[in-house]
Amino acid sequence: MYPAAFEYVAVGSFAEASEQLARAAGEGKLLSGGCSLIPLMKLRLAEPRLLIDLNRVPGAAGIIAQAGEIRIGALAREADVEASALLAASWPILVDTSAVIADPLVRNMGTIGGNIAHADPANDHPATMLALGARFLLSGAAGTREVAAADFFQDLFATALGEDEVLTEIRIAAPPPGTGSAYLKYERQVGDFAVAAVAAVVVVADGRIRSARLALTNAGPVPLRAQSAEVALAGLRVDDGAGMDEAAALAGDGIQPWADLRGGTAYKVDLVRGLAGRAVRRAVARALGHHELSAAAAHGGPR
Amino acid sequence: MTVTPARQHRITVTVNGESHLAAVEPRLLLVHFLREDLGLTGTHVGCDTTSCGACTVTLDGRPIKSCTMFAVQADGGEITTIEGLADPDGTLHPLQQAFWDEHGLQCGYCTPGMLMAALPLLDLDERPTDAEIRTQISGNLCRCTGYANIVRAIASATQRAHAERAPDG
């Protein structure tokens, strides 16, 4: 399958990418890992006239701790997020998330920025970003601005990015003491999009959940917060597994995941209820420093 | 907007240790560049949709699916295809030998991709478990469903690579 012809430019900076976007006047597309864009181009569902390759922008793929934050360059590969010792120690939910995207070969190309900016409701990072309260740096001709994940995802494949703006960096506050996080995805087979997935971030103190943030993948046109579950989780004792399951199950209230080949709406709602409890339990276990059985995540059932 | 879609780009890529200078149209996929421009037909096109892994090659040491990358993106890169595994004298790469010994192929269509995907496992400090091997080839499909022998072949090759690297021999 051949894409329609296009002009290609490999830019050396995000500023140059922004200039090229402006020149293309709506007919340009940014290329990072290409995992979503290139298949769309091969099917001619996308026919950009100008392809702006970001892969040669220097210093755009770092994963660092700086100024009380974790900063991830938009061009960081999923494989590098997955293998990051810094993230495993600070926000393991990011390792969870990258590890269940597509397959290892795709993860060698795919980037965290591309996964976010493409804003496919079935992509995995958007819900994780929402649960983390991440902020995105957007750079354009008018300068650089910071947009919260909650304000970034606007609709199906639609984001706050202006026509000449580029997502350059993801910023996440360093985890406060007692934090645990986890992302749990249920998929039909490796490489498929989520039937449903839940991102959970909890803060634990004195044997109780102090606060919880939950977000859902593929439960609507944008990633969704599960606020009623969050409220119900706050204050629960960390050894109250049944209570956590019951509170987390509220994540299924009020959502309307569409029926498709992956399942009907009622099934998906039920799946969200179950996954939410498991994601919260895993996050709490991590907050308490418990070891886990990683093999259980890799084989059968939710990853 | 003034675009020149047909413009050719000059790229330099190293494939199996040999440097190639080529002029490519931007929409030329890496897999077609390898197969049609360089004649390296060992890299297969299977699904052409990033699913099956038959087109797997390594780029700068990392296995990737060459149906989902443009040749122009590989400019300056170092690519290894299945043709680059065996010694010039015909001695099989240990991974190839293990596939031979363990009957790790039936029709052979997925085999080049399986080998290229499994390659990084030979360089791990620890011997990979069967679960890790299965994860590593989870982006590669074998429609003969010969996975058991494929996993056995990779395990055998990694075992030997690990034994050869061990300080005690």
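Quick look at the values:
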{"read-out": "Index of the failed condition, A:ASP270 passing every other in (1) in contact with a Gly (Cβ under 8 Å, 6 or more places away or on another chain); (2) in contact (Cβ under 8 Å) with a residue 24 or more places away in the chain; (3) open to solvent by 60 Å² or more (accessible area, probe 1.4 Å); (4) part of a helix (DSSP H, G or I)", "value": "(2)"}
{"read-out": "Scan of region B:44-58 for residues that are more than 7 Å from chain A (Cβ to nearest Cβ) and either open to solvent by less than 10 Å² (accessible area, probe 1.4 Å) or in contact with a helix residue (DSSP H, G or I) (Cβ under 7 Å, 6 or more places away or on another chain) (or both), ordered by number", "value": "B:HIS44, B:VAL45, B:ALA54, B:CYS55, B:VAL57, B:THR58"}
{"read-out": "So B:VAL3, is it at pLDDT 95 or above and either within 14 Å of chain A (Cβ to nearest Cβ) or part of a strand (DSSP E or B) (or both)", "value": "no"}
{"read-out": "Elements of type helices (runs of 4 or more DSSP H) in region A:10-125, at least 2 residues being among the hydrophobic types (A, V, I, L, M, F, W, C) and either more than 23 Å from the chain's Cα centre (by Cα) or modelled with pLDDT under 95 (or both)", "value": "A:14-24"}
{"read-out": "So B:GLY104, is it touching a Gly at 6+ places or on another chain (Cβ under 9 Å) and of a type in the set (Gly, Ala, Ser)", "value": "yes"}
{"read-out": "Selection status of A:ARG145, in a strand (DSSP E or B) and either closer than 14 Å to A:THR97 by Cα or free of Cβ contacts under 8 Å to residues at least 24 places away in the same chain (or both)", "value": "yes"}
{"read-out": "Subset tally (residues that are more than 18 Å from B:SER51 (Cβ to Cβ), within 14 Å of chain A (Cβ to nearest Cβ) and either in a loop (DSSP other than H, G, I, E, B) or in contact (Cβ under 8 Å) with a residue 12 or more places away in the chain (or both)) for region B:127-169", "value": "6"}
{"read-out": "Condition check for A:GLY68: surrounded by fewer than 21 Cβ atoms within 10 Å (Cβ to Cβ), within 11 Å of chain B (Cβ to nearest Cβ), in contact (Cβ under 8 Å) with a residue 60 or more places away in the chain and over 20 Å from A:ASN115 (Cα atoms)", "value": "no"}
{"read-out": "Whichever residue in region B:59-73 is crowded, with 24+ Cβ neighbours inside 10 Å and in a strand (DSSP E or B) and, among such residues, is farthest from the other protein chains (Cβ to nearest Cβ)", "value": "B:PHE70"}
{"read-out": "Failed criterion for A:GLU187 (all others in (1) within 14 Å of chain B (Cβ to nearest Cβ); (2) open to solvent by 40 Å² or more (accessible area, probe 1.4 Å) hold)", "value": "(2)"}
{"read-out": "Hits in region A:1-49 (condition: aromatic (Phe, Trp, Tyr) and either on the phi > 0 side of the Ramachandran plot or open to solvent by less than 60 Å² (accessible area, probe 1.4 Å) (or both))", "value": "A:PHE6, A:TYR8, A:PHE14"}
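The values are calculated or read from the model by the stated rules, or taken from the named source; none is laboratory data. Computed from a prediction, not measured in an experiment: that's the story for all the values here. No Cβ is skipped: glycine too gets one built from the backbone with ideal geometry, and neighbour counts run over all protein chains shown. Surface areas here come from the heavy atoms of the whole protein model, side chains and all, with no ligands, DNA or RNA. Shrake-Rupley method; radii C 1.70, N 1.55, O 1.52, S 1.80 Å.
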